[in-house]
Amino acid sequence: MPEGVSGQDGKPGQQLSRFIGREQETAAVFRSLQNPDCRLLTLVGPGGIGKTRLALHVAGLAEDHFDDGCRWIDLQPISSVDLIGHTIADAIDLTVSGDPFQQIANSLKNRHMLLVLDNFEHLLDGALLLTPLLAAAPAVKLLITSREALNLREEWIHHLEGLSYPMDHHAGDIRTYAAVELFAATAERLNPSFGLENDKEAVIRICRHVDGMPLALELAASWARTLSCAQIAAEIERGFGLLTAKARNLPERHRSIQIIFRQTCDMLTQVEYAVFKRLAVFRGGFTWEAAEHVAEASIPILSVLIDKSLLKHASGDRYQMHELVRQYAAEQLSAIPDEMQRVRERHSVFFMSFLKHWEVSIMGGGQREGIAALKADMDNVRTAWQWAVEHAAVALIEQGATALAEYGQVQSHYQEAAVSFEQAVASLGRQQPTQRLERTKLLISHYLAGFYLRIGRLSEAEQILLECEATYHRLGITPVAGFTTDPAFNLGILALIRGNYAAALQYGEQARQTSETYPHPNNRQLAYHLLAEAAIGLGDYKSAERYAQKSYALLVETGNRWFMAYTFNQLGTIARALRDYQTARQYFEASYTIREEFNDPEGMALALNHLGEIALQQQAYGDAGIFFHKSLTIYDEISDRGGSARARNGLAITAMAVRDYQAARDQLKRALEIAVEIQFVSFILTILMNIGELLARVGLMDRAATLLSLVAHQPAASHDTQLLSLGLLEQFKLERLPDTQVPELDIVVSSLLQVFPEIPAEAASVREHPYTPKFQQFSVEPLTEREQEVLHYIAEGLQNREIAQKLIVTVGTVKAHVNHIYSKLDVTNRVQAVVRARELNLLP
């Protein structure tokens, strides 16, 4: 009888411990046994996966469905094929003499019975004996457990895998996963003080590392009396030492995970065993092509390993090893250091070539296919990149860098990518410089700077970019192939972050000229993107739209659909500034759709932020809150601090709209802290403007006037932010401080961080100023160049005829310009136009 089972006379007994999970597998096996065409069903899986437990459970459920019941035959104790018949005969209470199978067939020919043959893997040569038995007894069915399929024509196979487990600690009630429940139930039985909630993350680590293998879970949990779950997880990740039984009544074959794997490997040929060990270098599965190149694996050998449950054929063309099996194979491979190094090198060569193969696709028309391919093998890519970095393999690093960096951008893996490229830059920096090494270092340094910008390490990004710029000049070379490889682009992005829009415009123009002088389509489309962002910051929406459309045309040409989402965001921002909210929303929704296609969390979060802002403009505050909350959740998950500050700012504005001033205060305080930490100057000013509005709404007028005057005075504030600050001063009838009295930005921010204003208790009664979305109330459609000229002449006191003479146009044309100015500034006469224009800094 199997461990944990009580029973007599060959009948399946009760399991001594609770059967956990396997609901779907139980149903599937039971359905197969009820199918008239299924006569022989084999449960196949590695040792310790729970084949015996499942077979016993199913047998107990199925017993009443067979007129003559069910019989359990444990084949593990026998070592000879000759004894199979005698063992079956004993289970069905048959005394035999002569050929046991012939007598068994005669005994069972009129019986309706289920025979369960447990542990058949070491008796496979006897499988052919089962076929005549089934032919002679048409109402008998066989349920077999084995680490390897029997390979009979009549065989139905059910491959058994590990129990379900959560992929991360965000999975909710993790006890609903069978692997967690099994571990917890075992630990609680051995240690009554065990508490799952206190060890949630460590238990998930254990379940993931053993891939839900029931025996490994029970062996691990047996240490809960003496070790914490975190210690158990750490020990398992270091090796097999902990996965050894302490219970005295566990069968010898289940006393150690290593014993189980050794027993299976003993059935391999020398060539099969060599391939098995080499396959340990793969992480997260592999294709046959990869196995052939790296491990010299043929299809027949892979088939053998599948048959012996050392490998499984996963979806599509991929193969996968159970993590504990892989770890065992890796131990065997590491015993031959030279062989291990050869295999790791072949693995790195293959996957850096793999990255190079997908580089063109991932930069253009085949992006989705390329991202999917890289995602499927990303564990292998990480391992291969690490080997190349450790060995300073310049050619391999150069091969893989661009596709790996683009993948990190598209999938928002900023932190991980930053670490990967940091290590590569450091490794190459320790080598004797050659021209190829320096060009490769330039390439990966640019990508590292880009990821530093993403995670808010601005000073380090700037230093790298300036070093790259100096290296280009020293070597006398143009930007290397790739994307963002012109320092001007990321220096321009840095200028945008710092609110220096004029400098960003200059960098954009510099990048554009370089990309056209030395044809570089990837950098050219980025240059136009930068120009559009700078123009938006300056409030020059006409130029911004022109630049965005040029960027879009280049993106269509190269097929870079992922980056198109950024252009849609720009066009949406322009439409919003011009109060065309419907068009803006369509652009932002299109942006979200694209990023959702790529499963790009940062892109989705950014689009959600924009959609939240549109909802605010349309006074749909419930929708706005939903958009900003979703955005914040994503940004926090990917550690995008700049995005987190933006989402919190949006939540604060939403809270203000519904007069939840305390919530608005808390969100603005945290948003300011984050923006200051990452030196996001332009957005610091946006946050200060909103703090100023909040203070005005709760009656702290003097402090509100100071903040709003400061923002209106700051050139680092975007054009729109300056306009909105002026509008708030006007709305709350606050006097703008003269520029000479405006305090320094650093002093104001430092003061706020030290003591952030509290919301007065009486703030709930402040209702003199109903909330109106600021863009609706204060933003103006930008004046054309000719309208600006006309406005200046109006301010000088010239009449329409005099202006017409100055501009050499008709009086009717001047009148048309004047009417457009009145409409855009929302005024009705010349005096109002001049006053309004000065408030908006359109006139000196």
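The values are calculated or read from the model by the stated rules, or taken from the named source; none is laboratory data. Please read these numbers as outputs of a predicted model, since none were measured by experiment. Neighbour counts are summed over all protein chains in view; Cβ atoms, including those assigned to glycine, are modelled from backbone coordinates with ideal geometry. Surface areas here come from the heavy atoms of the whole protein model, side chains and all, with no ligands, DNA or RNA. Shrake-Rupley method; radii C 1.70, N 1.55, O 1.52, S 1.80 Å.
Within region 795-808, the residues that satisfy the criterion of being hydrophobic (A, V, I, L, M, F, W, C) and either under 30 Å from Arg576 (Cα atoms) or open to solvent by less than 50 Å² (accessible area, probe 1.4 Å) (or both) are Ala795, Leu798, Ile803, Ala804, Leu807. Restricting region 195-213 to residues that are buried (at least 21 other Cβ atoms within 10 Å of the Cβ) and out of contact with any Gly (no Cβ under 8 Å at 6 or more places or on another chain) leaves a set whose member that is modelled with the lowest pLDDT is Asp199.
Number of residues in region 534-581 that are open to solvent by 20 Å² or more (accessible area, probe 1.4 Å), within 18 Å of Leu723 (Cα to Cα) and modelled with pLDDT of 90 or more equals 2. Considering the conditions (1) surrounded by fewer than 23 Cβ atoms within 10 Å (Cβ to Cβ); (2) in contact with a Phe, Trp or Tyr (Cβ under 9 Å, 6 or more places away or on another chain); (3) more than 25 Å from Asn599 (Cβ to Cβ), Arg439 is excluded by exactly one of them, (2). For region 668-716, give me the residue count where each residue is over 19 Å from Val658 (Cβ atoms), touching a Pro at 6+ places or on another chain (Cβ under 8 Å) and open to solvent by 20 Å² or more (accessible area, probe 1.4 Å). The qualifying residues number 3. Scanning region 400-413 for residues that are surrounded by fewer than 24 Cβ atoms within 10 Å (Cβ to Cβ) and under 16 Å from Gln423 (Cα atoms) yields a total of 2.
Can you name the residue in region 94-148 that is among the charged types (D, E, K, R) and part of a loop (DSSP other than H, G, I, E, B) and is also surrounded by the most Cβ atoms within 10 Å (Cβ to Cβ) among such residues?
Per the stated criteria, the residue is Arg147.
Would a scan of region 318-329 turn up a residue that is assigned to a helix (DSSP H, G or I), surrounded by fewer than 19 Cβ atoms within 10 Å (Cβ to Cβ) and β-branched (Val, Ile, Thr)? No, there is no match, as no residue in region 318-329 is assigned to a helix (DSSP H, G or I), surrounded by fewer than 19 Cβ atoms within 10 Å (Cβ to Cβ) and β-branched (Val, Ile, Thr). Checked against (1) touching a residue at least 60 places away in the same chain (Cβ under 8 Å); (2) in a loop (DSSP other than H, G, I, E, B), Pro433 meets all criteria but (1). Under the condition of being closer than 22 Å to Ala135 by Cα, out of contact with any Asp or Glu (no Cβ under 7 Å at 6 or more places or on another chain) and not in a loop (DSSP other than H, G, I, E, B), the residues counted in region 32-58 number 5.
Mind checking whether some residue in region 464-480 is farther than 18 Å from Ala527 by Cα and under 28 Å from the mean Cα position of the chain (by Cα)? For region 464-480, residues farther than 18 Å from Ala527 by Cα and under 28 Å from the mean Cα position of the chain (by Cα): present. Among the residues of region 280-316, those that are touching a Ser or Thr at 6+ places or on another chain (Cβ under 7 Å) and of a type in the set (Lys, Arg) comprise Arg283, Lys308.
Filtering region 164-185 to residues that are among the aliphatic types (A, V, I, L, M), surrounded by 15 or more Cβ atoms within 10 Å (Cβ to Cβ) and under 21 Å from the mean Cα position of the chain (by Cα) leaves only Ile174.
Residues to consider are Pro770, Pro743, Pro757; find the one that is at pLDDT below 85 and either outside any helix (DSSP H, G or I) or at negative phi (or both).
Unique residue meeting the criteria: Pro770.
So that you can scan it fast, the table gives a plain yes or no per residue for (1) at pLDDT 75 or above; (2) among the acidic types (Asp, Glu); (3) within 34 Å of the chain's Cα centre (by Cα):
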site: Gly241; (1), (2), (3): no, no, yes
site: Arg248; (1), (2), (3): no, no, no
site: Phe261; (1), (2), (3): yes, no, yes
site: Thr264; (1), (2), (3): yes, no, no
site: Met267; (1), (2), (3): yes, no, no
site: Phe276; (1), (2), (3): yes, no, yes
site: Ala290; (1), (2), (3): yes, no, yes
site: Val304; (1), (2), (3): yes, no, no
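Looking only at region 221-235, which residues are assigned to a loop (DSSP other than H, G, I, E, B), surrounded by 21 or more Cβ atoms within 10 Å (Cβ to Cβ) and among the hydrophobic types (A, V, I, L, M, F, W, C)? Result: Trp223, Ala224. Among residues belonging to region 476-502 that are farther than 20 Å from Arg454 by Cα, aliphatic (A, V, I, L, M) and free of Cβ contacts under 8 Å to residues at least 60 places away in the same chain, point out the one that is surrounded by the fewest Cβ atoms within 10 Å (Cβ to Cβ). Residue satisfying both the conditions and the ranking: Ala502.
Among the residues examined, Ser315 does not qualify as on the phi > 0 side of the Ramachandran plot, in a loop (DSSP other than H, G, I, E, B) and of a type outside the set (Phe, Trp, Tyr).
A residue that is among the acidic types (Asp, Glu) and closer than 22 Å to Arg147 by Cα occurs nowhere in region 83-97. Step by step: first the residues of region 65-87, then only those that are closer than 16 Å to Leu115 by Cβ and assigned to a helix (DSSP H, G or I), then the one that is most open to solvent (accessible area, probe 1.4 Å). Which residue is that? Going through the qualifying residues, I end up with His65.
If the condition is being open to solvent by 30 Å² or more (accessible area, probe 1.4 Å) and either assigned to a helix (DSSP H, G or I) or under 16 Å from Leu333 (Cα atoms) (or both), then region 279-305 contributes Arg283, Trp288, Glu289, Glu292, His293, Glu296, Ile299, Pro300, Ser303, Val304. Considering region 453-467, the residues that are modelled with pLDDT under 95 and in a helix (DSSP H, G or I) include one that is least open to solvent (accessible area, probe 1.4 Å), namely Leu458.
Table: residues versus (1) free of Cβ contacts under 8 Å to residues at least 40 places away in the same chain; (2) surrounded by 15 or more Cβ atoms within 10 Å (Cβ to Cβ); (3) out of contact with any Leu (no Cβ under 6 Å at 6 or more places or on another chain).
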| site | (1), (2), (3) |
| --- | --- |
| Thr784 | no, no, yes |
| Val790 | yes, yes, yes |
| Tyr793 | yes, yes, yes |
| Thr810 | yes, no, yes |
| Val814 | yes, yes, yes |
| His820 | yes, yes, yes |
| Val831 | yes, no, yes |
| Leu843 | no, yes, yes |
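Taking the criterion of being small (Gly, Ala, Ser) and more than 12 Å from Ile20 (Cβ to Cβ), the residues of region 152-202 that qualify are Gly162, Ala171, Gly172, Ala187, Ser193, Gly195, Ala202. Only residues that are touching a residue at least 60 places away in the same chain (Cβ under 8 Å) and more than 21 Å from Leu54 (Cβ to Cβ) were counted in region 209-240, giving 3. Exactly one residue out of Glu161, Glu188 is over 29 Å from the mean Cα position of the chain (by Cα), on the phi < 0 side of the Ramachandran plot and modelled with pLDDT of 85 or more, and it is Glu188. Quickly run through region 348-360 and pick out the residues that are open to solvent by less than 30 Å² (accessible area, probe 1.4 Å) and out of contact with any His (no Cβ under 9 Å at 6 or more places or on another chain). Phe351, Met352, Leu355 - these are the residues of region 348-360 that are open to solvent by less than 30 Å² (accessible area, probe 1.4 Å) and out of contact with any His (no Cβ under 9 Å at 6 or more places or on another chain).
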